[in-house]
1. Only one of Arg321, Arg310 is outside any loop (DSSP other than H, G, I, E, B), charged (D, E, K, R), more than 26 Å from Thr94 (Cα to Cα) and without any contact (Cβ under 8 Å) to a residue 60 or more places away in the chain; which?
2. Among the residues of region 248-281, which ones are surrounded by 13 or more Cβ atoms within 10 Å (Cβ to Cβ), away from the ligand (no atom under 13 Å from the Cβ) and not charged (D, E, K, R)?
3. Does Pro275 satisfy the criteria of being part of a loop (DSSP other than H, G, I, E, B) and free of Cβ contacts under 8 Å to residues at least 40 places away in the same chain?
4. For region 52-67, give me each residue that is surrounded by 16 or more Cβ atoms within 10 Å (Cβ to Cβ) and either in contact (Cβ under 8 Å) with a residue 24 or more places away in the chain or out of contact with any Lys or Arg (no Cβ under 8 Å at 6 or more places or on another chain) (or both).
5. Take Leu216 and tell me if it is surrounded by 13 or more Cβ atoms within 10 Å (Cβ to Cβ) and in a helix (DSSP H, G or I).
6. Among the candidates Arg274, Arg331, Arg321, Arg310, which residue alone is under 30 Å from Lys221 (Cβ atoms) and either of a type in the set (Lys, Arg) or in the same structural domain as Glu154 (by TED's automatic domain parsing) (or both)?
7. Which residue out of Ser239, Ser151, Ser245 is touching a residue at least 60 places away in the same chain (Cβ under 8 Å), surrounded by 18 or more Cβ atoms within 10 Å (Cβ to Cβ) and either over 30 Å from Ser452 (Cβ atoms) or more than 16 Å from the ligand (Cβ to nearest atom) (or both)?
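The values are calculated or read from the model by the stated rules, or taken from the named source; none is laboratory data. Note that the structure is a prediction, hence the values are computed from the model and not measured. So basically every Cβ, Gly included, is an ideal-geometry build from the backbone, and we count neighbours across all protein chains shown.
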Amino acid sequence: MSSSIQIAVVGSGYVGLVAAVCFAEMGHQVICVDNDQRKVDALRAGDTLIHEEHLPELLGRYRNTKIKFMTDLSEATRECNAIFIAVGTPQSETGDADLSYVEAVACEIARSLTKYTVIVEKSTVPVYTNEWIRRAMERNGVARHLFDVVSNPEFLREGTAVADFLHPDRIVVGADSERAAAMLSAIYKPLTEGTYYTTPGAIAGSCNEHAVPPLLLTSTKSAEIIKHASNAFLALKISFINAVSNLCEATDANVQQVALGLGLDSRIGPKFLRPGIGYGGSCFPKDVAAFRSVADQLGIDFNLLAEVERINVSQKARFVRKVRAALWTLRGKKLGVLGLAFKGETDDIRDSPAIELVKMLMAEGCSIVAFDPAAMSRTKEVVPESRQMSYADNAYAAADDCDALLILTDWSEFKDLDLDRLNKVMRYPIVIDGRNMFDPAIMSEAKFTYISIGRPTAYPVRDAVPEVAAV
Ligand code: UDX
């Protein structure tokens with residue numbers, strides 16, 4: 001097999017677009033297919049559509065050379081040896097994943113397939129999806145020897161998507177045929193053999209030619225479960241530390257110290273132990289619900305997942321109570337809000353706990369002045385400007401004359417705020433931090449009342465009383 005493979009990626013959302021440019025970066029020829037003509041036009045013109053580090057650079061490098069954008073899936077099917085399905089799998093009303101887009105793509109591929117092709121599930125899908133895709137192909141008259149269906153889940157995070165894709169902790173390939181497994185191994189060879197990391201201009205990250213990512217070959221069903229179980233486990237870690245943070249608040253302990261002590265145990269590890277206002281985003285809430293629904297359908301008791309969700313929801317109500325406790329009453333209060341995206345360094349607001357909190361506080365009669373470095377225009381579409389909601393050009397303008405300033409998204413740039421300036425513009429210097437961005441001792445020095453998650457409240461230091469000279 002030649003080292004450059006003809007790959008189609010269907011869907012140009014976070015996973016699809018990042019996979020497409022990264023496959024081109026790894027040396028393959030890629031066709032990225034999307035049925036939205038406007039998206040295709042924008043991508044052809046070099047607009048990445050999403051806020052993601054390295055994406056503009058890679059798109060600029062390969063647009064119209066190693067990567068083509070089109071709406072025609074039939075043409076892409078005829079030209080390619082492997083087709084990655086990376087379309088959306090939204091949550092249905094019952095909590096399980098809506099697979100109608102995946103099915104539509106499979107049927108369309110079936111209509112144009114003439115030579116052996118590997119169909120790869122890249123979207124997060126429940127166990128058995130692989131089998132359903134296979135059945136859909138067969139029902140549409142495709143001979144079994146002309147295709148294989150493989151599961152190759154993606155673990156990238158928004159904000160660090162390109163580096164995560166090219167420097168993964170592991171590559172999981174669920175394949176029930178040797179021929180399909182060989183195709184996937186060939187696609188990922190530049191990473192698993194480390195040649196990519198020695199190419200000039202390679203995107204930097206945790207891997208290098210001596211530390212390459214492992215490729216784990218599994219059955220298709222195991223690969224499907226690995227993806228759901230990974231996201232559910234990470235969500236569980238967050239809900240666990242959130243529950244522990246509530247215990248710390250009740251006992252005046254410090255969750256930061258507790259998380260450090262927990263995370264130093266190599267069996268637990270330090271990551272995903274940051275308490276806050278609950279997890280959000282396009283994956284965790286949807287995937288935990290879908291995994292729970294899979295367990296329900298199989299008659300498996302997995303109530304632990306329901307508890308993970310319950311703690312996540314209650315964390316937001318708890319934060320509102322915190323704001324009320326700090327301000328006595330909420331009606332008519334003016335609150336500055338820093339952060340609207342579901343996490344820092346992204347403009348994504350899907351299932352953002354920050355926006356949910358803004359809505360909850362507005363329902364309590366507060367007025368909000370919000371600032372987010374990248375997510376304001378998207379937020380304006382769901383929370384339009386009104387008497388109760390306005391948007392500021394910067395963090396200081398959001399804090400101006402407010403009764404309290406809330407930090408709802410962990411944008412790293414918030415750490416560099418000029419605390420003196422912030423203090424001077426606020427009506428009352430009260431900061432309620434849902435992301436534990438600041439050191440309480442520093443906030444105390446900067447003369448704030450500083451309320452955070454799972455740590456004792458810090459109060460403004462009093463100016464030293466001048467010593468009375470002895471007479
Ligand atoms: C997640 C998974 O990490 C990734 O592997 C998968 O492919 C897609 O879903 P993403 O949604 O980009 O990625 O965000 P992530 O960084 O995992 O954060 C998810 C949510 O959890 C955010 O709201 C974040 O603020 C929150 N979080 C994360 C915490 O509250 N505490 C933590 O310690 C970590």
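1. Checking each option against the conditions leaves just Arg321.
2. Cys248, Ala253, Asn254, Val258, listed by residue number.
3. no
4. Glu52, His54, Leu55, Leu58, Leu59, Tyr62, Lys66, Ile67 - these are the residues of region 52-67 that are surrounded by 16 or more Cβ atoms within 10 Å (Cβ to Cβ) and either in contact (Cβ under 8 Å) with a residue 24 or more places away in the chain or out of contact with any Lys or Arg (no Cβ under 8 Å at 6 or more places or on another chain) (or both).
5. no
6. Of the residues listed, the single one that is under 30 Å from Lys221 (Cβ atoms) and either of a type in the set (Lys, Arg) or in the same structural domain as Glu154 (by TED's automatic domain parsing) (or both) is Arg310.
7. The unique qualifying residue is Ser151.
Yes or no, residue by residue, for (1) away from the ligand (no atom under 16 Å from the Cβ); (2) surrounded by 15 or more Cβ atoms within 10 Å (Cβ to Cβ); (3) at pLDDT below 95; (4) within 18 Å of the chain's Cα centre (by Cα):
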residue	(1), (2), (3), (4)
Glu108	yes, yes, no, no
Val118	yes, yes, no, no
Val125	no, yes, yes, yes
Ile133	yes, yes, no, no
Arg144	yes, no, no, no
Phe147	yes, yes, no, no
Phe155	no, yes, no, yes
Ala161	no, yes, no, yes
Leu166	no, yes, no, yes
